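In what follows, a structure is listed as structure tokens, so that the remarks can point back to it.
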Amino acid sequence: MPSDKGLSSKVIGQIALMQGVVAHLPHANSIMSFVSRGLRDVPGVNDVQYKLLFSQNQSEATKKEIYYSYLICHNDLCHASLDFDVDKTELFLPYVPYIKNLCNMLAIILEEKRQKELNKDLMEQLEKRVQQRTRDLQDEIRERRLAQSELTRAQNFISNIIDSMPYVLIGVDSAGVVTHWNKRSENMTGLKADKALGRKLGEVLPSMLFDMEQIVSSIHSGRPYRKRKVILGGGAEREHREITIYPLKDFDHNNAVILIEDVTERVKMEEVVIQSDKMMSLGGLAAGMAHEINNPLAGMMQTAGVMADRLKNLEMPANQRVADSLGLSLDLVRQYMEKRDILKMLDRIQESGKRTADIVYSMLSFARKSTESFQSHDLTDLVDKVLALAGSSFSFKNHLSIKDIRLTKEYESHLPQILCDEGKIQQVVLNLIKNGLESMFEYQELCEEKDINYEGPSFTIRISQEKINQFIRLEIHDNGPGMSEETRKRIFEPFYSTKPLGKGMGLGLSISYFIICDHHRGNMRVESSPEQGTKFIIRLPLGDKD
Amino acid sequence: MCEQHLTSLGFTDQEVPVGTHMCLVFTEDEERADCLRKFLLSGLKIKERSACFSNHTSENEMRSFLSQHDITYDDRKEKQDIFMSGASDVYFQDNTFDPDRMLGLLDHFYQETKDLGYSAARVIGEMNPEIEKVKGGERLLEYESRVSLMLKEKPVTAICQYNANLFDGATIMEVLKVHPQMMVNGAVVENPFFIEPEDYLSHHVT
């Protein structure tokens with residue numbers, strides 16, 4: 001219904017309703033199409049078109065100079081224009097203020113929508129970036145976890161390797177603070193890793209094993225340092241260590257790894273090999289010499305025997321016939337011989353020759369090797385027989401015998417038999433028992449003279465099986481005076497003896513060595529040091545003799 | 001025209017005459033669903049027979065909603081208090097939009113409601129943009145105008161939901177012209193764009 005001013009309340013209501021509805025429409029195109037369609041009902045209007053401008057410059061939009069064109073602008077930003085095709089201006093013009101008001105409101109709504117869209121775009125972009133970053137982080141975390149897991153596995157693997165190595169392995173920094181401590185280190189020192197790590201090396205490791213100055217020097221020079229055969233303890237229990245310092249360079253940190261290897265067995269084996277080589281060489285030489293000496297010696301002894309016969313036996317026809325032809329009295333010749341001790345000299349030549357022959361015979365045994373007499377024997381039986389024989393045969397100064405010492409036998413049960421020459425093995429054992437008894441009794445006498453506390457002679461005899469190497473092991477351990485390192489190294493050499501001249505030829509242990517090592521393909525060694533007793537170790541193989 | 005009596009829509013405090021034909025333009029689905037649920041709940045409470053055509057609100061969803069108000073959906077469905085169906089299934093049978101068939105359904109629903117003794121009938125339905133593609137879709141405004149005409153004699157309270165995100169502004173404006181009432185800012189208003197069906201049909205329908 002038209003008002004006094006020519007305005008229709010219905011049209012005013014329509015414009016007002018549009019203002020209420022447009023806020024609920026989703027976007028500029030929807031809003032403008034809704035409004036332009038609605039404004040066609042304004043009196044005088046033939047058609048209404050809209051354009052979305054999105055111009056930053058209001059003045060440019062107005063340059064179009066379209067008649068009854070209304071720009072929908074918020075501040076300097078124009079969102080759209082409404083272009084009216086008006087055929088009855090007088091009917092249209094009264095509604096212009098309402099239309100302008102609608103345009104102002106549209107400007108605000110469109111700006112809000114634009115801001116919302118911008119915010120929505122920004123939020124979407126932000127959301128996408130957050131999601132991408134989240135995915136990246138998840139990937140990164142996954143990769144890091146994987147890497148960490150791999151690292152842990154590798155560390156455990158390396159730790160296991162380091163712990164299972166048969167070496168003491170210690171890591172230190174340049175200040176000498178322990179950074180690594182493996183299982184062997186724990187076993188050697190009795191100190192757990194958590195107690196050793198972070199402490200100074202000198203607090204956790206025996207000082208005899210390392211030289212801090214050398215470690216620092218090695219770290220700074222970058223050159224490895226090796227120290228061999230450090231001896232710990234003494235006597236038969238002496239141990240050997242090989243210590244190596246490896247400098248490490250890790251970026252800015254200078255560290256070192258100290259590797260300590262127990263080379264006691266290796267050193268012993270090296271000694272055995274050296275001893276064996278030396279003994280084989282000496283044995284060969286001795287046997288060769290004996291063989292060369294044997295023939296002239298036989299000639300000498302035979303000649304000396306003939307000479308004795310011709311000078312002593314007066315009844316021999318040949319002697320009588322030659323004396324008669326020369327007009328000599330055999331009785332006077334014999335008196336001369338006796339007065340000049342020539343006959344005694346001949347006896348001494350024969351005695352010396354016999355003794356020399358014994359030596360030569362012994363020396364020839366170095367080369368005498370035969371398996372014909374090898375039979376299966378229980379080593380414990382052989383040893384027990386020797387001990388029984390020693391009890392009845394040997395008597396030393398002051399009538400001492402094996403019955404006067406403490407004897408401990410530690411025989412492993414159910415030992416297999418070995419193939420051996422019974423007589424030769426008994427010869428070896430008897431020789432060791434006899435030597436041991438002699439030295440212990442002499443040592444006992446010495447201790448009594450010098451008032452040294454001595455618990456008295458004792459033997460410990462152990463027989464066991466080395467299952468891994470398939471050897472039977474015989475240990476004869478006395479608590480006598482022991483021997484120096486020099487003596488220990490030469491004890492098996494032919495003609496080497498610690499006894500006074502004339503008390504022994506120095507061949508007993510050499511022959512024993514050859515019987516065990518050469519004839520029976522076993523090995524024999526001695527562990528001893530002064531005042532620590534002596535232990536002979538004989539190992540005989542269980543396999544067949546060929 | 002029947003004697004008017006007022007009814008509650010559920011989603012507004014205002015009461016409207018039974019037989020109101022209202023357009024509800026929405027942009028958020030929760031707004032649509034909220035109005036639909038409250039409209040149906042309100043009808044069940046005041047014993048009006050209700051029908052709902054929606055592609056987006058299922059029977060399960062409604063069952064759950066009504067149970068929160070101590071109403072058992074299946075019992076009420078059994079009693080024919082409520083009827084739900086997909087909008088496309090109802091509007092676009094055989095991929096065709098047929099205003100005559102739809103008006104026949106509405107007429108039948110009204111008559112049946114009356115015969116069963118209900119105080120009134122109400123219908124809520126959402127229109128889908130599928131209408132612009134199916135055969136007969138161009139007759140949407142004719143249909144809406146004829147609904148307005150029919151409701152004058154056979155008052156069924158009808159709410160038509162239109163998604164502003166799926167229809168352009170011009171279409172929304174045209175739709176407003178065939179609905180006598182509409183919701184603006186939560187209030188039911190007389191639609192100043194409304195064209196009486198007699199005028200609309202005579203000018204726009206050949």
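The values are calculated or read from the model by the stated rules, or taken from the named source; none is laboratory data. Just so you know, these numbers come straight off a predicted model, no measurement behind them. Cβ: placed from backbone, ideal geometry, glycine included. Neighbour counts: every protein chain shown.
For segment B:177-206, filtered to residues that are facing chain A (nearest Cβ under 8 Å) and not in a strand (DSSP E or B), the residue that is nearest to B:Glu28 (Cα to Cα) is B:Asn185. Checked against (1) exposed (fewer than 15 other Cβ atoms within 10 Å of the Cβ); (2) modelled with pLDDT of 90 or more; (3) in contact with a strand residue (DSSP E or B) (Cβ under 9 Å, 6 or more places away or on another chain), A:Leu446 passes all but condition (3). Quick one: is B:Val156 in contact with a helix residue (DSSP H, G or I) (Cβ under 8 Å, 6 or more places away or on another chain), surrounded by 20 or more Cβ atoms within 10 Å (Cβ to Cβ), within 14 Å of chain A (Cβ to nearest Cβ) and not hydroxyl-bearing (Ser, Thr, Tyr)? No. Close Cβ contacts (under 9 Å, 6 or more residues apart or on different chains) running from residues in segment A:14-26 that are at the interface with chain B (Cβ under 7 Å from one of its Cβ atoms) and touching a residue at least 12 places away in the same chain (Cβ under 8 Å) to residues that are aromatic (Phe, Trp, Tyr) and in a helix (DSSP H, G or I) comprise A:Val21/A:Phe34. Of everything listed in (1) within 14 Å of chain A (Cβ to nearest Cβ); (2) in contact with a Leu (Cβ under 8 Å, 6 or more places away or on another chain), the single unmet condition for B:Leu24 is (2). Just the residues that are buried (at least 16 other Cβ atoms within 10 Å of the Cβ) and among the β-branched types (Val, Ile, Thr), please, taken from segment B:65-100. Correct list: B:Ile71, B:Ile82, B:Val90.
Listed here are the residues, each with its yes/no results for (1) among the acidic types (Asp, Glu); (2) in a helix (DSSP H, G or I); (3) more than 14 Å from A:Glu261 (Cβ to Cβ).
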{"site": "A:Ala154", "(1), (2), (3)": "no, yes, yes"}
{"site": "A:Phe157", "(1), (2), (3)": "no, yes, yes"}
{"site": "A:Ile161", "(1), (2), (3)": "no, yes, yes"}
{"site": "A:Leu169", "(1), (2), (3)": "no, no, no"}
{"site": "A:Val172", "(1), (2), (3)": "no, no, yes"}
{"site": "A:Val178", "(1), (2), (3)": "no, no, yes"}
{"site": "A:Glu186", "(1), (2), (3)": "yes, yes, yes"}
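Meeting the requirement of 2 or more residues that are out of contact with any Leu (no Cβ under 8 Å at 6 or more places or on another chain), within 24 Å of A:Thr356 (Cα to Cα) and free of Cβ contacts under 8 Å to residues at least 40 places away in the same chain, the helices (runs of 4 or more DSSP H) wholly within segment A:255-340 are A:264-312. Given the condition of a type outside the set (A, V, I, L, M), closer than 23 Å to B:His204 by Cα and more than 15 Å from the chain's Cα centre (by Cα), answer yes or no: does some residue in segment B:120-130 qualify? Yes, segment B:120-130 has at least one match. Screening the candidates B:Lys114, B:Lys135 for the property of being in contact with a Ser or Thr (Cβ under 6 Å, 6 or more places away or on another chain), surrounded by fewer than 19 Cβ atoms within 10 Å (Cβ to Cβ) and basic (Lys, Arg) yields one hit, B:Lys135.
For segment A:261-314, the candidate set comprises residues that are over 41 Å from the mean Cα position of the chain (by Cα) and of a type in the set (Lys, Arg); within that set, the residue that is modelled with the highest pLDDT is A:Arg310.
Considering (1) closer than 30 Å to A:Ile537 by Cα; (2) modelled with pLDDT of 75 or more; (3) not hydrophobic (A, V, I, L, M, F, W, C); (4) not in a helix (DSSP H, G or I), the lone condition that A:Asp358 does not fulfil carries the number (4).
Residue under question is B:Arg139, and the condition is that it be more than 16 Å from the chain's Cα centre (by Cα) and of a type outside the set (Ser, Thr, Tyr); does it hold? The answer is yes for B:Arg139.
The set of residues in segment B:113-131 that are under 21 Å from B:Ser8 (Cβ atoms) and without any contact (Cβ under 8 Å) to a residue 40 or more places away in the chain comprises B:Lys114, B:Gly117.
Please find, within segment B:159-176, the residue that is farthest from the other protein chains (Cβ to nearest Cβ) out of those that are of a type outside the set (A, V, I, L, M) and part of a loop (DSSP other than H, G, I, E, B). Let's see the steps before the verdict.
Going residue by residue through segment B:159-176, those that are of a type outside the set (A, V, I, L, M) are B:160-163, B:165, B:167-169, B:171, B:174.
Next, from what is left, pick out any that are part of a loop (DSSP other than H, G, I, E, B): B:165, B:167-168.
On the way: B:Asn165: 5, B:Phe167: 8, B:Asp168: 5 Å.
Result: B:Phe167.
Of the candidates A:Leu82, A:Leu106, the single residue that is under 25 Å from B:Met183 (Cβ atoms), at pLDDT 90 or above, over 60 Å from the mean Cα position of the chain (by Cα) and within 14 Å of chain B (Cβ to nearest Cβ) is A:Leu106. Checked against (1) over 20 Å from B:Leu201 (Cβ atoms); (2) touching a residue at least 60 places away in the same chain (Cβ under 8 Å), B:Pro155 meets all criteria but (1).
Picking from A:Asn187, A:Asn182, which residue would you name as being under 22 Å from A:Arg241 (Cα atoms) and loosely packed, with under 11 Cβ neighbours inside 10 Å?
The conditions single out A:Asn187.
Given the structure, is A:Glu485 surrounded by fewer than 17 Cβ atoms within 10 Å (Cβ to Cβ), in contact with a Lys or Arg (Cβ under 8 Å, 6 or more places away or on another chain), in contact (Cβ under 8 Å) with a residue 40 or more places away in the chain and acidic (Asp, Glu)?
When the stated conditions are applied, A:Glu485 does not pass them.
When segment A:403-443 is filtered for residues that are surrounded by fewer than 20 Cβ atoms within 10 Å (Cβ to Cβ) and among the small types (Gly, Ala, Ser), the ones remaining, listed by number, are A:Ser413, A:Gly423. Residues considered: B:Asp107, B:Asp94, B:Asp75. Of these, the only one that is more than 14 Å from every other protein chain (Cβ to nearest Cβ) and at pLDDT below 95 is B:Asp94.
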